[in-house]
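What follows is a set of notes on a single structure, which appears directly below.
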Amino acid sequence: MSLPHPLLRALAGAAALALLATPALAKEWTKVVIATEGAYAPYNLHAPDGKLIGFEIDLANDLCARVKLTCEFVAQDWDGIIPGLNAGKYDAIMDGMSITAKRLEVINFSRAYTRSPTTFAVEKTSPLAHMPDTGKRVSLDDKAATEAAIKELTPALKGKIIGVQIATIQADLLNTYFKGVVEIRTYKTTEEHDLDLAAGRVDAALASTSYFVSTLSKPGGDKLVLAGPLFTGGLLGQGTGVGLRKSDPELKELFDRAISEAIADGTIRTLSLKWFKTDISPPPSS
Amino acid sequence: MDLGGYFTLIGFGPAGWGDQLLAAALMTLAVSASAFFASLAFGLVGAAAKLAPSALLRGLAEAYTTIFRGVPDLLVIYLFYFGGSQALSALGHLFGHAGFLGLNAFMVGTLAVGLVAGAYQTEVIRGAYFAIPPGEIEAARAVGMGRLLMLRRITGPRALRFALPGMGNVWQQVLKESALISVTGLAEILREIHIGAGSTHLPFDFYVTGFFLYLALTTLSGFLFRGAEAWTMRAERRPA
Amino acid sequence: MDLAFLIATMERLLAGVPLTLELSALSISTGAAIAVLFAVLRTSSRVGEWLVRAYVYMLRGTPLLLQIFLIYYGLAQFAAVRESLLWPFLREPFWCALLALTLNTAAYGSEIVRGGLQSVAQGAIDAGRAAGMSRLLLYRRIVLPLALRQALPAYGNEMIAMVKSTSLASIVTLMELSGIAYAVISETYRAFETFLCAGSIYLAINFLIARGIAWAEHRLNPHLRPAA
């Protein structure tokens, strides 16, 4: 559908130029623009000089080298990250984003490059530090185990205030299993709920254990401790993957290949130990 | 608050956020200026529409000023931030352009704040127009000035003199509203301050810094606008 | 335009209106009281004048959002604050937002009231003094009523501005109207429809305020009404 009048087309062209249009990229991938938050340490964060650094930046550079791509990072807030991908603002998302059925409805994912469970962070002096099932792995795919864990946790969590980042798998977990039991406070970034946890405004924060590595290492982090079960599976998804458009199967293939290689030769394990002090790489078979 | 540590934090060394904050301050000025000029454009169109003989134009202008002075700026920013790219791409497809038409954070800020400030500018410009003594317009017509010449020599300069205080207020408004653009991710002052606060867990240090940065900008703006007002009034006779 | 979505969104949004109204009403009324105090304090002594001018300068010269962040996140950095008597209040986002909104409107309001006070005709004040009124009686019966009547239109604008400003409370986790709108948009990405719904609710509230102010002006200005 195009307008015949030449003046209107010229105006549209000028408008497009003025608004930084990017042409559709060809199927032959040479360059990839990757979006990340820069507020989700150690996956991605802003260095004092403003540069984006972190586990995912290092990993992306490695992956892109493997498949002969140049990759460039842009910072993008979490709340607009998926629409930005589908609108074409960038070509991939690497922001600790978990592969979930809900997200697979709108975007595609590469294979997982990390796996880590979700748990609570609380103050050491809080009664919640002695939450039942602390450290116990609970898979949300196992209905019986999940129900048992919820039953045990409900009395401890009743009436407490829990902080989560908006539109995350952790927010989904609370809304699905603990609605009406806890007061849910949603924040734009995970760093914000950390600030409120340190201030004592929320009784606990719910996020990925790999994320909490950075929280516990910041000033005041020594007053915090992880508590409660290690939730995995179910609505929490199958690990973090690179978010991609459904219309880019060739890009998915490139990333899948690169990630498999990186897992096989231990690169992800090395990077993981560097940034998370623990190995959160997925098993090669998954 | 450790004073020595504070100055290292906001300083220009490798561990200091100083150069970021400076760049952010420049970005605040840039997006504010951009939004202000956009508001001038919207304001001129709006004022012209309000003074037009056509009832439809007056009605549209009235709707514009009512809506954008009655709805919170944050909602307008969300509209452009979440909806902008989709709307534009759809519009682009209409004109035969495939692919992505982007509204980056700077444009979102400019348009959203510009539209809201433009609603206020409409009233400022309209008020200034009515403040011009009718005798001057009549004199210009009597001398035989054409519409365009009259606009350039009489109406324009006189209206500017009356509009300047109001525009100064709108500028201050825009400068402070630029802080809301931080929700789009634009690297202006409040955004950098917020990132620093979250990154270091020293929110007070950063927010106080931001406080003084904004205060410096609004103070400087105040001086400049008062100077400009005094200049436009240079021909007025002062009481002896 | 999906009517079902609009209706469902409206239902969700209306749940946030009580909180919006609470924040607006409390901040406007408390802020107005403080504004009158400031305006009087300003004329009372050199120190008073300097204090009020500094306060107004700082609060009008910086963004409200920054002030909210400073109170909400900034103050909580200090253990002294967290262990103080004020902590049960400062811990809650509602009180932090209310405090920031009130302090902010007090600054703008004090300038409006000051304008009103200045507009009181010197003749009226002289007449009151000649009649032997004490300073307090003079303020109560002559100056303040005249000043507040003069300030009403400008204060109406300030009230509307405050209703809009409550939207910033959503950024510190409060689920008032804008907070719910943000949640809806984050889930559905339907920005235009949500803006339509939330915007109309704000417009309705502000329309009512404007009407209310116009009515109050009409009541308080019997001498300006057309002859019967």
Index of the failed condition, B:GLU177 passing every other in (1) under 24 Å from the mean Cα position of the chain (by Cα); (2) at pLDDT below 90; (3) among the charged types (D, E, K, R): (2)
Members of the range A:42-57 that are buried (at least 17 other Cβ atoms within 10 Å of the Cβ) and at positive phi: A:GLY54
Matching residues in the range A:253-282 - criterion: being touching a residue at least 24 places away in the same chain (Cβ under 8 Å) and either charged (D, E, K, R) or not in a helix (DSSP H, G or I) (or both): A:ASP256, A:ARG257, A:GLU261, A:LYS274, A:LYS277, A:THR278, A:ILE280, A:SER281, A:PRO282
Complete set of residues in the range A:268-286 that are polar (S, T, N, Q) and touching an Asp or Glu at 6+ places or on another chain (Cβ under 6 Å): A:SER272
Flag if C:GLU92 is among the acidic types (Asp, Glu), farther than 22 Å from C:VAL143 by Cα and within 14 Å of chain A (Cβ to nearest Cβ): yes
Every residue from the range A:179-203 that is within 8 Å of another protein chain (Cβ to nearest Cβ) and in a loop (DSSP other than H, G, I, E, B): A:LYS188, A:THR189, A:GLY200, A:ARG201
Only listed residue being modelled with pLDDT under 90 and either of a type outside the set (A, V, I, L, M) or in the same structural domain as A:SER210 (by TED's automatic domain parsing) (or both), chosen from A:PRO117, A:PRO42, A:PRO23: A:PRO23
2 or more residues within 14 Å of chain C (Cβ to nearest Cβ): qualifying helices (runs of 4 or more DSSP H) within the range B:123-189: B:156-177
Residue in the range B:123-130 that is over 27 Å from B:ASP73 (Cα atoms) and not hydroxyl-bearing (Ser, Thr, Tyr) present: yes
Residue in the range B:200-216 that is of a type in the set (Asp, Glu), more than 17 Å from B:VAL113 (Cα to Cα) and crowded, with 17+ Cβ neighbours inside 10 Å present: yes
Subset of the range A:204-232 that is in contact with a Pro (Cβ under 9 Å, 6 or more places away or on another chain) and either within 14 Å of another protein chain (Cβ to nearest Cβ) or not in a strand (DSSP E or B) (or both) - its residue that is nearest to A:ALA112 (Cα to Cα): A:SER210
Pairs with Cβ under 6 Å, 6+ apart, first in the range C:138-155 and free of Cβ contacts under 8 Å to residues at least 24 places away in the same chain, second in a helix (DSSP H, G or I): C:LEU138/C:GLY128; C:ILE142/C:ALA124; C:ILE142/C:GLY128
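The values are calculated or read from the model by the stated rules, or taken from the named source; none is laboratory data. Everything numeric in this text was worked out from a predicted model, so none of it was measured. Please note: Cβ atoms are built from the backbone with ideal geometry, for glycine as well, and neighbour counts cover all protein chains shown.
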